[in-house]
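> Have a look at this one.
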Amino acid sequence: MTVALAVCVAALALLPLGYIAVYTVDVGWSGVRELVFRPRVAELLWNTARLVLGTVLCCGVLGVGAAWLVERSSVPARRVWHVLLVAPLAVPAFVNSYAWISLLPGLDTYAGALLVVTLSYFPFVYLPVAAAFRGLDPALEETARGLGLSSWAVFFRVHLPQLRVAFLGGSLLVALHLMAEFGALQMLRYPTFTTAIYDQYRATFNGPGATMLAGVLVLLCLALLLAELRLRGRRGYARSGRGAARPGRPVALRALTVPALAGLGALVGLALLVPLASLGWWMARGASTALDWNSLAATTGTTLALAGTAAVATTAMALPTGWLAVRARGRLSTLLERSTYLGSAVPGIVVALALVTISIRATPWLYQTVPVLLAAYAILFLPRAIVTVRAAVEQSTPLYDDVAASLGSSAPDRLRRVTLPLLAPGIGAGAALVFLAVVTELTATLLLAPTGTTTLATAFWSASSALEYGAAAPYAVVMVLLSAPATVLLSRDPRRGLTP
Amino acid sequence: MSSLTVTDLTKSFTPGTPVLTGVDLHVPAGSLTALLGPSGCGKTTLLRLIAGFDDPDSGTVVVGDRVVTGAGRSVAARRRGIGFVPQEGGLFPHLTVAGNISFGLPRQQRRDGGRVRELLALVGLDADLADRPPHQLSGGQQQRVALARALAPGPSLVLLDEPFSSLDAGLREETRVAVAAALRAIGATAVLVTHDQAEALSMADQVAVLRGGRLVQLTDPRTLYRRPTDLDVATFVGEAVVLDADVRAGVAHCVLGALPLEPAGDAAVPDGSARVLLRPEQLRLSAPRPDLPVARVRAVDFYGHDSRVWLDLPDGRLVSARLEGADLPSAGEDVSVSVLGAALAFPQDLTAQPAAARSA
């Protein structure tokens, strides 16, 4: 029963990939050659590749540097900096992009795109690397020093190998998010595969053209996933000793304290203060013209309702998979869990395109309805719910069930008094993360929302696309306010919601 | 509380590799039985079968005069009335101490603080702990709360699965005493799983030794120590000095001289070559004397309350002796060895079926 449900969930998650594969076979080799091997695709490939490479490098330097300062150095107010460095995640990348381009219209270049996406995505590297620094056992460092290694040698031979998994995971997230990024790059007029797919779809409704571009994009994502797996290797980096690790002693910065503070301040200023100031400025400007409170309230209501429904549905779908992954470990359950992760690595634009086409062809009565939109949200955000549900199931071992049974408790009674109370926090956290992801989802919503349904993201998008920056600002402010709680969650427990 | 009778219990998780084979066990009402064995011998499986968490392939389990497993039917765990104390306590993390203890009580009694205080007092804990969450308790306190929780509904039998193995030495002793006292106070019938022979010998009324899924010996702790069923059991339940000997007319002749044998009941030890078992505390050392065998001291482990002296015997064998007191030899010295009490002989070729223990 549970297995059947989990298989259905996995099948849904793999639907877009399956669609692309079947479509490619249908088009045939000659069709693929005609649609894929052309200068336009090469240009998109070059644009996408250099942006991904540049962003991963910049995010890596900024993320590791900031994480080292906050976790291992004596920089003042480390807890405050930690929250401030995670906070940019509360500003969706397309809002950040709007904030910058509305101030500096000349940013529609490679450098501009690199600046904006780096500022939006560096926390994806910062968070896991900071957590890894925190988890480093100081005994290893002390042992290395005892064996006569210098500070630099300690960093390269002891710290860096242990940060590898966290760093690669963070970089993978940056790359996958960037491949899927539509709003931010469209606004900066920087063409990548995702924006090209959208333009092709909007302009000509050109099925084969858009789908083949989507195929190339999906291949790139899969290649990234594989590369990360290969680079990460099979070695374990868990502490072998028992008991909790002591916190390490921070490195004294002395004269370098002021430059370190200046660097962190500049980073936070650019990533957080500029977008917030820009939003504030446009709010003030927009409010003087006309702030339509009614439509803002209605859009917020629609968004909350959609996000709430999606959170409930997605978390419910995550339960069988998360349960099996812990309680029935084996090849099948691993496969089912991995397929949901694979499905969500597919960019939102591809998921939307697949669902549009499938619903038109197979189930016309479902086209442009809320269930299809909810399915897209589920495919994109399932891992967020599964990770938290899984962690909760891990904490509620079968032992509690046995003990409760030996105390005379019946199966429904055990579910009510033991299993659900133990799972509730995990289920709640998973639902909250899906909720907050849906609130700021733009790409799939643009393509799949029923006519007349506007969310905060799509209302913001249509206003800012029409260069009505003042009218767009209130929607962005509501989104940032709604995202803020997720940021607090993330700064406490980086494992949550950091799945692509 | 009720007695427990297990008859011919067999269980295998994968066909062909039995975990338990034909186990018979009787635990009299109000007594504590320790299931002793190395890890992987099937003792935890036996406990889970008795509790009803798993079903055996064949065999019966009877609690009091009620058949809970057998003849193709099995009573659900929750209807057996068997209390269970898992390793590391297994307290529900979302409930307070009071919530844990009252978990198995009928609904109307759960709010009754008096019952919780009573049970806390029984296991020797302060009533102030009632409102604490489990993670604020020490390991030993968690174990005691787990016992109180198991005892709360008035079970006919309590099962304890290595309850002290996760505690450090000092806490283990203290918790062991408190748990034993609580069990005796209410006259509980209890089965305790352990791999610690000192724990089994000191706490239990009878000890069941399991090996490779079979029950190899079921007896009281003194008999188990003095007359183990074979050399394997002998070395498992305590330190042993094992020597080759030649048995003639009820006397073993070995490197330590002629040793009297334990009275063997109806089956006498056959003459011929045999192996004899002595315990290290049976050896006595003195200054070298011509009428006694001489050994050389290799090393001395000093424990404070007593000491272990490692001796190289004339035939090259290394054995240990347990000595009390401050008058210890030092390494390299020669000493004479005499033996207190009788030795237990096992025929050389049939170490698994010793004549002396067959009748025990």
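> For region B:70-117 and region B:152-175, what is the separation of their Cα centres, given in Å?
15 Å
> Please report, largest first and rounded to whole Å, the three semi-axes of the ellipsoid equivalent to region B:22-139, where each semi-axis is the square root of five times an eigenvalue of the C-alpha gyration tensor.
Working: eigenvalues 193, 61, 38 Å².
Largest first, region B:22-139 gives 31, 17, 14 Å.
> Could you bin all the Cα-Cα distances of region A:303-387 into 5 Å bins starting at 0 and give me the percent of pairs in each, rounded to whole numbers?
Reading upward from the zero bin: 3, 15, 21, 21, 19, 13, 6, 2.
> Name the residue farthest towards the positive end of the dipole of region B:4-226 from the options B:V209, B:A181, B:L105, assuming +1 on Cβ of Lys and Arg, -1 on Cβ of Asp and Glu, about the Cα centre.
B:L105
> Still on this structure, please answer the following. Rule-of-thumb check for region A:262-362: C-alpha Rg over 2.2 N^0.38 Å?
1.70
> Where does region B:154-247 land on Rg(C-alpha)/(2.2 N^0.38 Å)?
The value comes to 1.23.
> Once the piece of chain linking A:S462 and A:L420 is laid out straight, how much longer is it, given 0.36 nm per residue of separation minus the C-alpha distance between them?
Taking A:S462 through A:L420 to full extension adds about 10.8 nm, to one decimal.
> Now, a different point. Can you compute the radius of gyration and Dmax for region B:78-136, using only the Cα atoms, both in Å?
Just the Cα atoms of region B:78-136 yield Rg and Dmax of 11.6, 32 Å.
> Computed FRET efficiency, Cβ-Cβ of A:T369 and B:D55, R0 41 Å: what is it to the nearest 0.05?
Efficiency, rounded to the nearest 0.05: 0.25.
> About its Cα centre, what dipole magnitude does the protein assembly as shown give when the only charges are +1 on Lys and Arg Cβ and -1 on Asp and Glu Cβ, stated in debye to the nearest 20?
2000 debye
> Could you check the simple spin-label distance between A:A305 and A:A49, using points 7 Å along Cα→Cβ, in nm with one decimal?
For A:A305 paired with A:A49, the spin-label model returns 4.8 nm.
> P(r) of region B:232-358 in 5 Å steps, Cα pairs, percent per bin?
2, 11, 21, 22, 19, 13, 8, 4, 1
> Oh, and also: Taking each residue in A:90-101, count the Cβ atoms of any other chain within 10 Å of its Cβ, then average. What number comes out?
0
> Let me ask another. In debye, nearest 20: dipole of chain A around its Cα centre with unit charges on the Cβ of K, R (+) and D, E (-)?
Charge dipole, chain A, about its Cα centre: 1480 debye, nearest 20.
> Let me ask something else about it. According to the Cα gyration tensor, what semi-axes, each the square root of 5 times an eigenvalue, does the equivalent ellipsoid of region A:398-500 have, listed from largest to smallest in whole Å?
42, 15, 10
> Across peptide B:93-99, what mean number of C-beta atoms from other chains lies inside 10 Å of a residue's C-beta?
Across the residues of B:93-99, the mean count of other-chain Cβ atoms within 10 Å is 3.
> So, one more: Identify the residues of region A:124-154 with backbone N under 14 Å of a label point that sits 7 angstrom from the Cα of A:L253 along the Cα-to-Cβ direction, or state none.
So the set is empty, nothing qualifies.
> What is the diffusion coefficient of region A:34-82 in µm²/s, taking the Kirkwood radius over Cα pairs and the Stokes-Einstein relation at 10 °C with a viscosity of 1.306 mPa s?
118 µm²/s
> Now a separate question. Once every DSSP H run of n ≥ 4 in chain A is given -39500 (n - 2.57) and the sum is divided by its residues, what mean residue ellipticity at 222 nm do you get, rounded to the nearest 500 deg cm²/dmol?
-25500 deg cm²/dmol
> Mind giving me the FRET efficiency for A:T397 and B:S286? R0 is 51 Å, r the Cβ-Cβ distance, nearest 0.05 is fine.
On the way: r = 58 Å, r/R0 = 1.13.
E(calc), rounded to 0.05, equals 0.35.
> If all Cα-Cα distances of region A:337-468 are sorted into 10 Å bins from 0 onward, what percent lands in each bin, rounded to whole numbers?
Each 10 Å bin holds this share of Cα pairs: 12, 30, 26, 18, 11, 3, 0.
> If I model a spin label at A:L104 and B:D168 as a point 7 Å from the Cα along the Cα→Cβ vector, what separation in nanometres do I get?
A separation of 5.8 nm, rounded to one decimal place.
> Calculate the all-directions average of the projected area of chain A's alpha-carbon convex hull, and give it in nm².
26.8 nm²
> What is the ratio of the Cα radius of gyration of chain B to 2.2 N^0.38 Å, with N the residue count, to two decimals?
Numbers: Rg = 24.1 Å, N = 360, 2.2 N^0.38 = 20.6 Å.
Chain B yields a ratio of 1.17.
> Convert each backbone phi in region B:209-219 into a coupling constant with the Karplus relation 6.51 cos²θ - 1.76 cosθ + 1.60 (shift: θ = phi - 60°), then list the ³J(HN,Hα) values in order as whole Hz, x for Gly and Pro.
8, 9, 8, x, x, 10, 7, 9, 7, 10, 6
> With point charges of +1 on the Cβ of Lys and Arg and -1 on the Cβ of Asp and Glu, referenced to the Cα centre of the protein assembly as shown, which listed residue (B:S2, B:G89, B:L261) lies farthest in the positive direction of the dipole?
Positive-end residue among those listed: B:G89.
> Tabulate in residue order the Karplus-calculated ³J(HN,Hα) for region A:415-423, using 6.51 cos²θ - 1.76 cosθ + 1.60 with θ = phi - 60°, rounded to whole Hz; enter x for Gly and Pro.
4, 6, 9, 10, 5, 5, x, 6, 7
> So if R0 is 56 Å, what FRET efficiency would A:I360 and B:R110 give, r being the distance between their Cβ atoms, rounded to the nearest 0.05?
Efficiency for this residue pair is about 0.45.
> Using just the C-alpha positions of region B:138-295 as equal point scatterers, what log10 of I(q)/I(0) does the Debye formula give at each q in 0.08 1/Å?
-0.36
> Right, here's the next one. What fraction of the Cα pairs in the protein assembly as shown, stated in percent, has a spacing above 54 angstrom?
That fraction is 35 percent.
> Between B:R48, B:R78, B:R107, where does the largest GNM mean-square fluctuation fall for chain B, given springs only between Cα atoms within less than 10 Å?
Result for chain B, Cα springs under 10 Å: B:R107 fluctuates most.
> Work out the mean other chain Cβ neighbour count within 10 Å for the residues of B:49-57 and drop it here as an integer.
The per-residue average across the peptide is 2.
> To the nearest 20 debye, what charge dipole does region B:4-226 have about its Cα centre, counting +1 at the Cβ of each Lys and Arg and -1 at the Cβ of each Asp and Glu?
Approximately 520 debye in magnitude.
Just so you know, all these numbers are worked out from the coordinates, no wet-lab data involved. Quantities reported herein were computed from a predicted structural model and do not represent experimental measurements. A quick note on method: Cβ atoms are made from the backbone with ideal geometry, for glycine too, and the neighbour counts reach across all protein chains shown.
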